[in-house]
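Here is the structure we will look at, set down as structure tokens.
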Amino acid sequence: IASCLVGSEMCIRDREMESDPSDDLRDDTGFLLVVRDGAQAVGCGGVRFVGPGAGEITRVYIAPAARGRGVGRSLIRELESMSAERGLHTLRLTVRRDLAEAHRLYQRLGYEPVAPFSDSPYAHHQLAKKLDAPSPSGDR
């Protein structure tokens, strides 16, 4: 979990990890998904539980070779589904201003601007989305 290696690239730089570790993305405080294309990891993303019914999407990364193939959209949808199954009803996230394509993807998926919740120097855009309740049968 600490570095989420994707191919030869790290999804999170060591410098950033020191100030914002991901050790809590497990058990009852969050979760981390790794997206694979066969045996190759091509992306990752996690959800940190931040309060009753609320989570924060974090550590999202898609390898350059996998971009433009719907991997990011699928990853976010799966994070949303798993979050709803765990009783979360709202997900929030931050986006750096240089990640314009990611920002557009989140907007297309229904994330909307909200009042600031993070004082991170990288939180140029702060978005949130209300999740649909999981279906009783567990279907997605």
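In the calculated pair-distance distribution of the range 56-140, the portion above 14 angstrom amounts to 65 percent of the Cα-Cα pairs.
Going highest first, how would you order 70-83, 114-127 by mean Cβ packing within 10 Å?
70-83, 114-127
Protein heavy-atom accessible surface, 1.4 Å probe, per residue over the range 32-140: 56 Å².
For Cα pairs less than 8 Å apart in space and 6+ apart in sequence, what is the mean separation divided by the residue count of the range 33-140, i.e. the relative contact order in percent? Relative contact order of the range 33-140: 23 percent.
Most tightly packed first, judged by the mean number of other beta-carbon atoms within 10 Å of their residues, the peptides 61-68, 43-50, 89-96, 32-39 read 43-50, 89-96, 61-68, 32-39. A Förster radius of 35 Å combined with the Cβ-Cβ distance from THR29 to ALA65 puts the calculated FRET efficiency at roughly 0.65.
The values are calculated or read from the model by the stated rules, or taken from the named source; none is laboratory data. These numbers come from a predicted model, not from an experiment. All Cβ positions, glycine included, derive from the backbone under ideal geometry; neighbour counts span all protein chains shown. Ligands, DNA and RNA are excluded from the accessible area calculation, which covers all protein heavy atoms including side chains. Shrake-Rupley method; radii C 1.70, N 1.55, O 1.52, S 1.80 Å.
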